Amino acid sequence: MNDTIHAALERNFNAPIRDVLWGHIYLSSALEALSSSPCFMRLHRILQLGPTHIVYPGATHTRAAHSIGVYHLARRLLIHLAGRGADSWLSAEGARSFLCAALLHDLGHFPYTHSLKELPLASHEELTGKLILTEPMKSLVGDTGADPYMSAAIIDTSLPTFGNQELHFYRKLLSGALDPDKLDYLNRDARYCGVPYGAQDVDFILSRLWPDSEQGLLIDARAIPSVESVLFSKYLMYRAVYWHPAVRSATAMIKKALTGALKNQRIAKEELYNLDDHGLFTLLAERAQSCGASYGEPLFSLGAKVRDGRLYVVAAEFLYNEEQHQELADIDKRYHLEQELAARLRIRPDELIIDVPEPISFETGLAIHGDKEHSAGVFTAETIDSFKKALRVVRVFVDPAHEKAMCSTLDDLLNVLQVSDSLSKGFSLYF
């Protein structure tokens, strides 16, 4: 490793942070100042897994802890790759920019996990890029010896690279089959939830990686099982943790409240940027109070119900089918269908929610070191597709106050579900 890159990655990292997962993590004084900024401190007030603690009480770790873990793994990864030849195209400024990007990659993230993901808002990557390029973050990033634009562009891929090959390389490192983000969140989420599914052998994985200026990472053939482990772990974590029915219920309730608020112009989308978890619940509570006895009041009160753990229950569920259920993937059409179903059931529109999980990707594109024409892994495209299909379960959630009534009127519920061709195919009743 050349001395310039060695200095950028290993000298003057004297500020320790004690992490549950990785032990001591060391930052430079400038990176420590970055992690103490108000923008970053907001991440300490956002739970990494949002409502998941309702099911797994230990899941109270934060976006900040995860971000620091990603930085730690990114630094380890870059030190390793620099020692295997990447130092020939890395610059000290670029390396520091990558470390800042890793630390700040979730800076613009929304509160309460992915409740806001489907709403018509700017992506959290775009918001992160804007924050990095705005004072005071721009100067704090610059103080580390990084280029703020490069850090922003590594995260927000809509920003142009201007032909910067080093920037392209860092983008490949930060997002891929074995990226620091995934290696941290799978391990961290599994640890705090108390489940075994996400555990990965990070030391072994890092030892088997090789740099490539075009593709980012290459993997030793002996580490192919590690790629398969990450893919299968991601599937299991989604199945058992991230998309647990109770987690989906809480997420859907928050999304329902915010969808209605945006449609009725009770909340402007700009008000949802830079909130933390408490701020989101406070905003919903304030709007519920200001609405009085109108429809908006019970709609906004969904926030208080989620906060207090009073979740809606599953009335019906079925696997999402791309051909049969396309209209359900449109949040606006789904919102109107919910109102129609609620009217047929003689309940308020806020008391019924149709939840459709967003499409999920399983990154598999890692070429094998010494054989770049072939990709790592034995999972076929059909296997990956089956993972995706098994995870996308459409559910109809209802207020538990109506559970007994629906239990005694299954035929009526059947008729209501058949109001749309999308809902008449392949569903199963829960009551």
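Quick note: the coordinates plus some simple rules give every number you see, no bench work behind them. Source: prediction; values computed, not measured. Cβ: placed from backbone, ideal geometry, glycine included. Neighbour counts: every protein chain shown.
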Handout entry: Nonlocal amide H pairs with Ile368, under 5 Å, H built at 1.01 Å
Key = Ile219, His374, Ala376
Exercise for the section: Using the Karplus curve 6.51 cos²θ - 1.76 cosθ + 1.60 with θ = phi - 60°, work out ³J(HN,Hα) for each residue of segment 246-262 in order, rounded to whole Hz, and write x for Gly and Pro. Expected result: 5, 5, 5, 4, 4, 4, 5, 5, 5, 4, 4, 4, 6, 4, x, 5, 5
Completion exercise
Between Asp3 and His24, the two model label points (7 Å from Cα along the beta-carbon direction) sit apart by a distance in nm of 2.6
Handout entry: Prolate/oblate/rounded call for segment 118-249, Cα gyration tensor, a/c under 1.5 rounded
Key = oblate
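Could you check what % of the DSSP bridge pairs in the chain are antiparallel, to the nearest 5?
Beta bridges within the chain, antiparallel portion: roughly 90 percent.
Please work out whether segment 205-262 counts as rounded, prolate or oblate from its C-alpha gyration tensor, where a ≥ b ≥ c are the square roots of the eigenvalues and a/c under 1.5 means rounded, while otherwise a/b larger than b/c means prolate and anything else oblate?
Here segment 205-262 falls in the oblate category.
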Fill in the blank from the handout: About its Cα centre, the chain carries a charge dipole, from +1 on Lys and Arg Cβ atoms and -1 on Asp and Glu Cβ atoms, whose size in debye to the nearest 20 is 900
Handout entry: Estimated distance in nm for a label pair at Lys130 and Ala304, the labels positioned 7 Å out from Cα along Cα-to-Cβ
Key = 3.2
Fill in the blank from the handout: In segment 130-171, the chymotrypsin sites (Phe, Trp or Tyr not before Pro) that sit in a DSSP loop and have at most 15 other Cβ atoms within 10 Å of their own Cβ are Phe162
Exercise for the section: Step through the residues of segment 317-333 one at a time and calculate ³J(HN,Hα) from phi using the Karplus curve (6.51 cos²θ - 1.76 cosθ + 1.60, θ = phi - 60°), rounding each to whole Hz and writing x for Gly and Pro. Expected result: 8, 7, 6, 5, 10, 4, 7, 7, 10, 4, 5, 6, 6, 8, 4, 5, 5
Problem - Relative contact order [Cα under 8 Å, 6+ residues apart], segment 3-194, whole percent - result: 24
Exercise for the section: Give me the number: length gained by fully extending Asp201 to Asn264, i.e. 0.36 nm times residue separation minus the C-alpha to C-alpha distance, one decimal in nm. Expected result: 17.8 nm
Completion exercise
In whole angstrom, the spacing between the Cα centers of segment 89-143 and segment 157-180 equals 13
Fill in the blank from the handout: Simple spin-label estimate for Thr60/Ser91, 7 Å along Cα→Cβ, in nm, reads 4.6
Practice task
Please identify which residues in segment 218-256 have an amide N closer than 20 Å to a label point set 7 Å out from the Cα of His336, following the Cα→Cβ vector.
Solution key: 256
Exercise for the section: Answer with a single label: of (i) 74, 48, 39; (ii) 85, 60, 46; (iii) 73, 40, 34, which was calculated as Cα extents along the principal axes in Å from the structure in view? Expected result: (i)
